[in-house]
Structure formats: C-alpha cells, structure tokens
Amino acid sequence: MFFVDLSRIVRSGLRSFARNGWLTVAAIGMMVITLMIISFFAILSLLIAEGSDIVKKKADMSIYFKATVTSEQIVQFEDALKNDSSVFKITFTSSEKAIADYREMYKFRPKLLEALENSGSNSLPSSVQVDFYDPEKQGNIASVIDEFKTKNIVDHPSYEGQKKAVVDKIVKVAGITKKAGWVLASVFAGISLIIIFNTVRLAIFARREEIEIMQLVGATNWFIRGPFVFEGAIYGFIGTIVSIAITYPLFSLSGTSISQFFGISNIFNFLRLNLWSVILAEFLLGTLIGILSSFFAIRKYLRLA
Amino acid sequence: MIYFEKVTREYPNGTTALKDINLHIKPKEFVTIVGTSGAGKSTLLKCIYMDDKPTHGKIFVGGVDLTNLKKSDIPYLRRKIGVVFQDYKLLPQKTIYENAAFALEAAGMPTKEIKNRVPKILQLVGLSSKAESFPNELSGGEQQRVGIARAVIGQPKILIADEPTGNLDPKNAWEIIELLLKINQYGTTVVMTTHNREIVNAIKKRVITINQGRVAKDQEIGRYAI
C-alpha cells in the first residue's frame, strides 16, 4: 500500500513537472540563480580565506647579523630561534649569497649594481629568515632577538615598525573581508530563498483548484502534497545541475586571473579536492529548498472545511 | 442512508443557509432537490460530503454520525460518496483516463484493478475514444460525463450531483440525466439539485423543494413548482 502510493506520487510528480510548461522554467530559473549566488559567495569566501592565509605566510621576518658575527654565534642564534614553538622554519642566507641574489635581482639595473660595488665588497650582511605558523603569534622571538642584540650578534629585524604594521593591516582586512563575505553570502541566500519560496507559492496558487478537487474526491493530504513536494525536489535537482554547469566553466575560464589576483597558485586544487563535496552540498541544498518551499507553500491550501 | 436531524447552517455574517432541516433519504432512491438560487440546495449537499458543516443538528450518512468525524477521516468518507459538480471540476493537467483513475489511486487501489475498471467506466459514459485527451479538449457534455465516470468509478453507495446539467444544452443535459438514472438503477442512491423544470417533471421521482433554507415541499412523485 505504502509503495503503491509512493510510486503513484512519484509518477504524478514527474508528469505534472513535464506538463507545467513555463512555470517549470520559471521555478528552475529562480533555483539556478539562487544556487549560483550562493556558490559564488561561498567560493569568494574560500578564496579570501586562502588569500589571507597566503599573505600571512608571506609575513616572514628577516634578521640581519652584524658583520663581525662568527659561525658559532650564528648556530647559537639559530638554535635559540628553533626552540621557539611559534617558528615554522628558518632559512639562513650568507653574505655571499645575499650579494649574488642582489646581482641577479637587479641585473638589468646597472646603477643599483654600481651602488653595491661602490659601497665595498661585502656590504650586504648575512641574515636568517624566520617563517611563523601564524605571524600574529610570535612567541618569545622578540626577547630572543633583544638578547642577541645586546650580545652584539644581530641587528634590528626587518619585521618591525612599518613593515609589521602593513602586514598586520592586511591580515586584519582579510579577516574582516572574510566575515563580510559570509554575511553577504547568507543575506543573498536568505533573499533568494524568499524569492524561490514565492515562485513555488505562485506555482501552487495557480493550481489551488486542483488541490481542492483532489480533496473532494477523497485524496488524503499527504497523497496530494506528495507530487507537489516531489516536483519541488525535481526543480532543486535540475536547478543544481544547471547552476553547476554554468558556474564551473566560468570559474575555470577566469581561474588563472583569479589565482593571480589572490596570489594563490592552487585554488583549483582546493576546489578540485572538494569538488564532490561541493556538488553534493549543492544538490542537497537545491533539493531541500525545493522540497521545503513546496511543503510550506501547499500547506495553506490543504485545510479542509 | 442519509438522515438530517434539525440541521441548521448559519454563516458568521448572519445568513442562514439551512434552517431546521429534517430529511430521510432511503437507499436506492433518486431524489431531486429544487429551489431558487441561494435557497440552500448546495449547502445541503455540501454538508453530506463534509465540504461544509452544520452549526446545529446532526447528519448521518450510511450510519455514520458526521458530527463526530475527524478532519483526517473526511477523505475516507468522500471515497464512499461520488460527487458530480456543475463546473465538472476535472483535473486540467490530467488526461481523461487519469482523471477517472485518480480517485481510485488516491484510495490506494491496486494498479491492476484500476486498469481493469477505468476502460469499463469510460465505456459506460461513452468516452473510450477520448481516454488520452485532456479536459479542455472536450465539450461540456463530454466533460460532465468524465465527472460522472470519476464519481462512480469507486462504486459508491451515494452519488451527489450539484446542478450537473447547469452548464449544458438540453440534448447534453438529457444524456447526463439518463446516465444518472442508469446509475440509480444499478442501486446507487442519487441526490441531485437542478433548476431544469422539464427534467424534474419528466423523470417522475421524489422532489424536495427548499425555500429560504427550509423544506417547503417533499413529494414522492414531484413536480417542479417554485
């Protein structure tokens, strides 16, 4: 009995989906727009999250050694840094390497190279670059540096004063933008939900007489509701397919420029890694929106005398 | 089969559609209810299939007291009563076949039995060739015959017809009445409202005249007199 009813509900839902003409198109169109807005903002938020992570990781610190430093002192200092749990990794650059890098970087700007020659052969200090897990959490690094400064081993670190202020600001702005992205995404999702709910309500309003007739010939409420809810689920399902079919090629095409803008080399690795869960989430969301809209929209017309 | 006990229906705006109606309609009867528009005929019929509810009094249908019936029981009551409407009330998105089958599907009848019954009932009303058409492709008379097919396909004990010929020309109207008489001969109780004097006088059946919500006349072989 239950399965007979279920198969009748499914068949009836499919039939009225096919016969409903432009209302079907309108409802699916709304669904597509809703899902596209939601996925657009979701992806944007992910990009901002990734981008700000990368800015954070770029906020490394270079500490320059005094010219008089010995190799034991360098090892000593490096060990002291490594002992701090906030340090992700350290990279040593010798004075010779620094000069070679400088030459390489400015090989097409002879004036800058000349300046280096004129200032004496070994004017670039050796340095150690510190990367943090989180540039906002730097443990006891400052006191370590101060200690070695008094021992006359190192100079001021680069990550101080102006540079630190800029990096801090970028990280802060990224945080705010990320939050704003989610807020906007939820607001748009909310608006779209209301619009789609109304579209489905209109579709059902146009068929309220049908609902009345079904009641008059002795159909139970859930037997009437079933096909409408199933139809809503189809709207959601097809809407999802169409929105994915539009969204993904769009992102793939603009992928490189987006990557460059956010300074991310592999956002599409991220998307690709999560592709199936993203698609599944969209299907669930779309179908759920369809089902809930029909369910609540039809309730009004199911009241018996 | 159908009892009305001091049935009164008042609307919140003060109109009284039915006033102290006492009626007994016996099994296998063919009853015509006549009266001016607004006399309360439709309300009386609606109270039988619970599309309306009396404010006072009791109605029994097939031994069941409708006052005690829960809302969730209404669909099951309606499966035992076939209803034919003046405006046909066919499902516009469903074919003639599907319209006739719908009531049975809703009642949970096995598909095999439905496939067996629908062609037979369409043959009875003479619409076998229109099974795959949609209601808007049919004439008024044809649509009403679909309405009758749908109403009787569940083999109800009672058939209610609210002005079934109201929108039809005399020839089609007569075809509908002949169908109803045939269904009555098979043993179904038929309760019909109409404004058609010619029909009422010709069929020589019981006529109940309603005037301003009250039973004005109740004659075994009645005539149309308002």
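Conditions tested, residue by residue: (1) touching a residue at least 60 places away in the same chain (Cβ under 8 Å); (2) surrounded by 17 or more Cβ atoms within 10 Å (Cβ to Cβ); (3) within 14 Å of another protein chain (Cβ to nearest Cβ).
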residue: A:ARG11; (1), (2), (3): no, no, yes
residue: A:ALA18; (1), (2), (3): no, no, yes
residue: A:ALA27; (1), (2), (3): yes, yes, no
residue: A:GLY51; (1), (2), (3): yes, yes, no
residue: A:PHE65; (1), (2), (3): yes, yes, no
residue: A:GLU72; (1), (2), (3): no, no, no
residue: A:ASP84; (1), (2), (3): yes, no, no
residue: A:LYS89; (1), (2), (3): no, no, no
residue: A:ASP101; (1), (2), (3): no, no, no
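Within the stretch B:72-125, being within 9 Å of chain A (Cβ to nearest Cβ), on the phi < 0 side of the Ramachandran plot and surrounded by fewer than 17 Cβ atoms within 10 Å (Cβ to Cβ) holds for B:SER72, B:TYR76, B:PRO92, B:PRO110, B:THR111.
What pairs come out if I take residues in the stretch A:285-305 that are part of a loop (DSSP other than H, G, I, E, B) and pair them with residues that are exposed (fewer than 13 other Cβ atoms within 10 Å of the Cβ) whose C-beta lies under 7 Å away, six or more apart or interchain? Cβ pairs passing all conditions: A:LEU304/B:LYS71. Does B:GLN86 satisfy being within 30 Å of B:HIS195 (Cα to Cα), of a type in the set (S, T, N, Q) and in a loop (DSSP other than H, G, I, E, B)? So B:GLN86 fits the description; yes.
Given the structure, is B:ARG79 within 19 Å of the chain's Cα centre (by Cα) and either of a type in the set (Lys, Arg) or at pLDDT below 90 (or both)? It is true that B:ARG79 is within 19 Å of the chain's Cα centre (by Cα) and either of a type in the set (Lys, Arg) or at pLDDT below 90 (or both). Taking the stretch B:126-140 as the range and being surrounded by fewer than 18 Cβ atoms within 10 Å (Cβ to Cβ) and within 19 Å of B:GLY82 (Cβ to Cβ) as the test, only B:GLY126 passes. Considering the stretch B:34-66 alone, what residues qualify as being over 26 Å from B:GLU105 (Cα atoms), touching a residue at least 12 places away in the same chain (Cβ under 8 Å), away from chain A (no Cβ under 12 Å) and touching a Lys or Arg at 6+ places or on another chain (Cβ under 7 Å)? If the condition is that a residue be over 26 Å from B:GLU105 (Cα atoms), touching a residue at least 12 places away in the same chain (Cβ under 8 Å), away from chain A (no Cβ under 12 Å) and touching a Lys or Arg at 6+ places or on another chain (Cβ under 7 Å), then B:GLY35, B:THR55, B:HIS56, B:GLY57 are the ones that fit. Of the residues making up the stretch B:183-226, those that are buried (at least 18 other Cβ atoms within 10 Å of the Cβ), modelled with pLDDT of 90 or more and assigned to a loop (DSSP other than H, G, I, E, B) number 5.
The number of residues in the stretch B:144-157 being more than 13 Å from every other protein chain (Cβ to nearest Cβ) and buried (at least 21 other Cβ atoms within 10 Å of the Cβ) comes to 2. Scanning the stretch B:107-140 for residues that are β-branched (Val, Ile, Thr), assigned to a helix (DSSP H, G or I) and closer than 18 Å to B:GLY187 by Cα turns up just one, B:ILE121. Per the conditions (1) in a loop (DSSP other than H, G, I, E, B); (2) modelled with pLDDT of 95 or more, the sole criterion not satisfied by B:GLN143 is (1). Checked against the criterion of being away from every other protein chain (no Cβ under 14 Å) and within 30 Å of A:GLY181 (Cα to Cα), the candidates A:PHE77, A:PHE41 yield just one match: A:PHE41.
Residues are listed down the side, and each one gets a yes or a no for (1) under 35 Å from the mean Cα position of the chain (by Cα); (2) on the phi > 0 side of the Ramachandran plot; (3) at pLDDT below 85; (4) not assigned by TED's automatic domain parsing to the domain that holds A:ILE9:
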site	(1), (2), (3), (4)
A:THR199	yes, no, yes, no
A:THR220	no, no, no, no
A:SER252	yes, no, yes, no
A:ILE258	yes, no, yes, no
A:VAL278	yes, no, yes, no
A:LEU284	yes, no, no, no
A:GLY290	yes, no, yes, no
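The values are calculated or read from the model by the stated rules, or taken from the named source; none is laboratory data. Since the model is a prediction, treat every value here as computed from it, not as a measurement. Positions of Cβ are generated from backbone atoms using ideal geometry, with glycine treated the same way; all protein chains shown enter the neighbour counts.
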